[in-house]
Amino acid sequence: GDERHHRVQQRQEPLECRERWERGVPLVVGVAIMGILGAVAAPSMSELLASQRAKAAASDVFTALLRTRSEAIKRNRQVTLAPKTAGSWAGGWTIAQAVTANHMLLDHGAVAGGTITGPASVAYLPNGRISGAAVPSFDIQVSGSTRRSCISVDLSGRPFQQPAACPAPWLLSAPNTS
């Protein structure tokens with residue numbers, strides 16, 4: 001009886017070793033494949049995140065223009081959208097009434113890693129139209145993303161958005177009516 005038990009035990013040991021090998025190899029191969037896929041996907045994931053930040057920045061500027069126009073109509077006063085620091089839209093912006101500039105209607109923070117070029121300010125009249133003859137536009141880009149957005153305002157005061165860089169400024173100026 002003991003001899004037979006000993007032979008069965010000898011047969012099981014190599015079988016257990018083979019089973020462990022057969023289970024371990026696919027596990028190692030699977031982990032290696034996952035590592036390779038992770039390394040390939042990481043750059044596209046960072047591009048996706050940067051693209052989402054660019055979309056969010058464009059949406060924030062678009063919303064700020066809509067709100068500025070709405071506040072001008074609602075208050076029956078001129079309301080201005082302007083960068084917190086002159087010439088630096090990426091540093092944040094404010095919406096304020098023309099009469100009481102210290103009464104902020106919106107104080108938007110900086111756009112991390114963003115580049116936003118635009119006019120010195122955008123002033124809306126009580127009728128919802130923009131003040132001045134130049135058509136304002138904002139070119140928005142975020143570092144790490146190839147995505148660009150252009151937010152433009154037509155002379156009626158309505159903003160619109162394009163998923164591309166803004167055209168040259170001379171193409172956006174109001175037509176000469178004289």
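The values are calculated or read from the model by the stated rules, or taken from the named source; none is laboratory data. For clarity, every value in this text was computed on a predicted model and none was experimentally measured. When we count neighbours, we look across all protein chains shown, and the Cβ atoms used for this are built from the backbone with ideal geometry, even at glycine. In case anyone asks, the SASA skips ligands and DNA or RNA and just uses the protein heavy atoms, side chains included. Shrake-Rupley method; radii C 1.70, N 1.55, O 1.52, S 1.80 Å.
The simple spin-label model puts a point 7 Å past each Cα toward its Cβ; for A164 and A112 those points are separated by 3.1 nm.
When peptides 126-133, 140-147 are ranked by their average number of other Cβ atoms within 10 Å per residue, the highest-first order is 140-147, 126-133.
For T117, neighbours were defined as the other residues whose beta-carbon sits under 13 Å from its Cβ, and their charges (Lys and Arg +1, Asp and Glu -1) total 0. Of the accessible area of segment 61-152, computed with a 1.4 Å probe over protein heavy atoms only, carbon and sulfur atoms account for 52 percent. For I151, neighbours were defined as the other residues whose beta-carbon sits under 14 Å from its Cβ, and their charges (Lys and Arg +1, Asp and Glu -1) total +3. Amide H to amide H, with H built 1.01 Å from N, V142 comes under 5 Å of T115, counting only residues 5 or more places away or on other chains. Residue separation of S59 and N127 scaled by 0.36 nm, minus their Cα-Cα distance, works out to 22.1 nm of gained length.
Counting only other residues whose beta carbon sits under 13 Å from that of A64, what net charge do I get with K and R as +1, D and E as -1? Residues near A64 contribute 0 overall. In this rough spin-label picture, where each label sits 7 Å from Cα along the Cβ direction, the I36-T85 distance is 4.7 nm.
Our summary gives segment 42-96 a relative contact order of 22 percent, counting only alpha carbon pairs under 8 angstrom and 6 or more residues apart. Computed from the C-beta positions of A134 and M45, the FRET efficiency with R₀ = 45 Å rounds to 0.65.
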